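Asks: Okay, here's the structure, questions in a sec.
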Amino acid sequence: MGKYELIKGDDKAAAAAAAEEEHNEHVLAVDHALPYPKDLEIGGKRASSEKEASAPRSGDRHRLVSLDVFRGLTVALMIFVDDAGTYLPAINHSPWDGLNLADFVMPFFLFIVGVALALTYKRVSNKAMATKKAVLRAAKLFVVGLVIQGGYFHGLHNLTYGVDLLSIRWTGILQRIAIAYLLAAICEIWLKSDDDVDSGHSLARRYRSQLLVALILTTIYMILLYGLYVPDWEYQIPVAGSGPKSFSVECGVRGDTGPACNAVGMIDRRIFGVRHLHRRPVYERTKQCSIDSPASGPLPPDAPSWCQAPFDPEGLLSSVMAIVTCLIGLQFGHVIVHFKDHKDRIVQWMIPSFCLLALAFSLDFFGVHMNKALYTLSYTCATAGTAGMLFTGVYVLVDVYGYRRPTLAMEWLGMHALMIYVLIGCNILPVFIQGFYWREPQNNLNTETGNRPAVPQPDTQPKDTKGNIDQQSRTTSLNRRLTILFDLIRQQVR
């Protein structure tokens, strides 16, 4: 991972350190996909040389750990809602319109990616080389996401692996972060002026081209979402013991934001094909599609034809607004670069955060509802505004008042965000562990430690009378993940 230097006015030592950093590699903030800076951007302290920055002297400057803590909180939130949300629907992703706790995870990651990028590219000497490195790192992250979420691994109940390229899922969480990272990095490298910054207005003027890009992306998204004509369409689902079953969905509308006839799903079906989309759509938990709504459950007798249709929550059109979230985070990062006083930073963060939240609720009131699956404009503003307020609170707690001890676990999670996500969030570590067994696949470490068996097929999982996986099976899954996570944290914090 590359290093950062502290910026303070025209300090020659800081400028020299910046030049040396760029010569080394100008490392981007996605070596671990969810970037964190290893430098100090602490307000209220005079910059010194890089050597002095690393000296463990009392009263010397310290790392801006609020980035790591914020990212760690997001990782912890992701793990919590991923497991607990199964039997606490109120914190799970909203089935369609609305905003639940789980719906903040993705925007928070994108927001902090943008914040870290502002620190990574505060000085760029070779724009072409920096762009090349950004493209390469984004490509690496995209490939990792493709392997993890494309269907190559078959889950906890199947020790096989491999994916049919005719049905691989091309989009996913890491792929979306890679795309947003790349576009935000290009904006930061190429689209900024040399204007001096001494106020919020001058800050906006310096980065007006980036704000224009965000406005253009938002306009394109709104035009496509509400202007594209969505025709009738069909899809098929496999049925055990027989051929595929076909369904027809009647649309023939424009500007519909419901589950069946929205432009977001239509674009993905046209470009990728239905077979390449996520097979467990979030709207399967709506009242129309589940008798246990907002939890998953059997289909009602009068369920509409679209209830089992694949839909990708990380689709192409919705990712346009994900890029906007990353660009908003980028502007918050600029505040760290150009304002050194704690009070100035807090003011410059809180004002846009409140404005974003006010805009979000206004849009929702007038019919542009908050929707994570579509990544609507009101959802973008609400989650970005909340991220800004939370980041400000973490900054005040950790970097202003110095309460680091209570946040050590979150700081460690933030510094290893990609590792935690891949190993635990995507079940790669449990899958790897249970691959080593004694004589029979059921005799593996997960089984011996009280977790659920490794190899029963999905159709043979313990289920209740309504066809849902039973509570004990869910609880053991949560216990397994939490045990692995806490063991990792204890080893590192010691």
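The values are calculated or read from the model by the stated rules, or taken from the named source; none is laboratory data. These numbers were taken from a predicted model, which means no experiment stands behind them. Cβ: placed from backbone, ideal geometry, glycine included. Neighbour counts: every protein chain shown. To get the accessible areas, we keep the full protein, side chains included, count just its heavy atoms, and leave off ligands, DNA and RNA. Shrake-Rupley method; radii C 1.70, N 1.55, O 1.52, S 1.80 Å.
Asks: Which log10 I(q)/I(0) values does segment 174-303 give at q = 0.10, 0.11, 0.22 Å⁻¹ under the Debye formula, counting every alpha carbon as one identical point scatterer?
Replies: The calculated log intensity ratios at q = 0.10, 0.11, 0.22 Å⁻¹ are -0.55, -0.63, -1.36.
Asks: Mind listing the long-range amide H neighbours of residue 312? Cut-off is under 5 Å, sequence gap 5 or more, other chains count too, H placed in the peptide plane at 1.01 Å from N.
Replies: Here 278 satisfy the definition.
Asks: Taking 1 over the mean of 1/r across every pair of different Cα atoms in segment 344-427, what Kirkwood radius in Å do you get?
Replies: 14.8
Asks: Give the residue list of GluC sites (Glu not before Pro) in segment 230-302 that are DSSP loop and have at most 15 other beta-carbon atoms within 10 angstrom.
Replies: 250
Asks: Something else now. Search the structure for amide H atoms under 5 Å from the amide H of residue 253, placed 1.01 Å from N in the peptide plane, and list their residues when 5 or more places away or on another chain.
Replies: Those qualifying (amide H under 5 Å, at least 5 residues apart or on another chain) are 230.
Asks: If DNA, RNA and ligands are ignored and the probe is 1.4 Å, what is the ranking of 419, 222 by accessible area, most exposed first?
Replies: 419, 222
Asks: Using θ = phi - 60° and the Karplus curve 6.51 cos²θ - 1.76 cosθ + 1.60, what whole-Hz ³J(HN,Hα) does each residue of segment 123-129 get, with Gly and Pro shown as x?
Replies: With coefficients 6.51, -1.76 and 1.60, one gets 9, 10, 8, 10, 5, 5, 5 Hz.
Asks: Here is a follow-up. Determine how large the accessible area of residue 194 is when every protein chain is in place; take a 1.4 Å probe and give Å² rounded to the nearest 10.
Replies: 140
Asks: Students sometimes get this wrong: rank 152, 121 by accessible area, probe 1.4 Å, all chains present, largest first.
Replies: So, going from the largest accessible area down, we get 152, 121.
Asks: Starting at the first residue of segment 338-343, write each ³J(HN,Hα) from the Karplus equation 6.51 cos²θ - 1.76 cosθ + 1.60 with θ = phi - 60°, in whole Hz, x for Gly and Pro.
Replies: Calculated HN-Hα couplings, in order: 9, 10, 9, 8, 4, 4 Hz.
Asks: Let me ask something additional. Got a sec? What order do 369, 338, 276 fall in by accessible area at 1.4 Å, biggest, i.e. largest, first? Please report the intermediate quantities before stating the final value.
Replies: Numbers: 369 80, 338 50, 276 25 Å².
Final ranking, largest accessible area leading: 369, 338, 276.
Asks: In whole Hz, with x marking every Gly and Pro, tabulate ³J(HN,Hα) for segment 202-210 from phi via Karplus 6.51 cos²θ - 1.76 cosθ + 1.60, θ = phi - 60°.
Replies: 5, 5, 5, 5, 5, 10, 5, 5, 5
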